[in-house]
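The values are calculated or read from the model by the stated rules, or taken from the named source; none is laboratory data. Note that the coordinates shown come from a computational prediction; the quantities given were computed from them, not determined experimentally. Counting neighbours? That spans all protein chains shown, and the Cβs are built from the backbone with ideal geometry, glycine included.
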Amino acid sequence: MVLVQPNKTILSGRVRSIRPDPGGRGTEVELEVLANESPSAERDFLRPAPGSVLTAFAAEPPFGVRERDLVRVEACLLAGPGGGRAVIESIEPRRSRPGSGG
């Protein structure tokens, strides 16, 4: 896979599941999107809407993150001739809902 062009999606969400990637390498993380915090719509190729579910690839299981945790995620779209996928660049636990001061 190759980077389509520089792109970045930033979101707050809740982890729905963490499981081995079906391709046998890495981890698949399913996120319920609570807020899209991307600063640039032009560079946000994933454009996840609040209430939607985003499934993204992580090379390693996310450290310190469990199902049902609130998280902040930075992701990008990687694509090639056969299609594309969302790839997690960073994922961090949050203590409270976005906008509630935590």
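Can you tell me which residue is surrounded by the fewest Cβ atoms within 10 Å (Cβ to Cβ) among those in the stretch 19-70 that are basic (Lys, Arg) and in contact with a Ser or Thr (Cβ under 9 Å, 6 or more places away or on another chain)? The residue in question is Arg19.
Taking the criterion of being touching a residue at least 40 places away in the same chain (Cβ under 8 Å), hydrophobic (A, V, I, L, M, F, W, C) and more than 12 Å from Ile10 (Cβ to Cβ), the residues of the stretch 55-78 that qualify are Val65, Leu70, Leu77, Leu78.
May I ask you to say which residue of Glu67, Glu60, Glu28 is within 12 Å of the chain's Cα centre (by Cα) and among the acidic types (Asp, Glu)?
On inspection, the qualifying residue turns out to be Glu28.
In the stretch 2-44, which residues are of a type in the set (S, T, N, Q) and in contact with a strand residue (DSSP E or B) (Cβ under 6 Å, 6 or more places away or on another chain)? Before the answer, list the steps.
Narrowing the stretch 2-44 to residues of a type in the set (S, T, N, Q): 5, 7, 9, 12, 17, 27, 36, 38, 40.
Within the stretch 2-44, Asn7, Thr9, Ser12, Ser17, Thr27, Asn36, Ser38 qualify.
Do we find that Arg16 is of a type in the set (Lys, Arg), out of contact with any Ser or Thr (no Cβ under 8 Å at 6 or more places or on another chain), at pLDDT 95 or above and in a strand (DSSP E or B) in this structure? Outline the logic, then answer.
Values: of a type in the set (Lys, Arg): yes; out of contact with any Ser or Thr (no Cβ under 8 Å at 6 or more places or on another chain): yes; at pLDDT 95 or above: yes; in a strand (DSSP E or B): yes.
For Arg16, the condition - of a type in the set (Lys, Arg), out of contact with any Ser or Thr (no Cβ under 8 Å at 6 or more places or on another chain), at pLDDT 95 or above and in a strand (DSSP E or B) - is met.
If the condition is being without any contact (Cβ under 8 Å) to a residue 24 or more places away in the chain and within 12 Å of the chain's Cα centre (by Cα), then the stretch 31-48 contributes Glu32, Val33.
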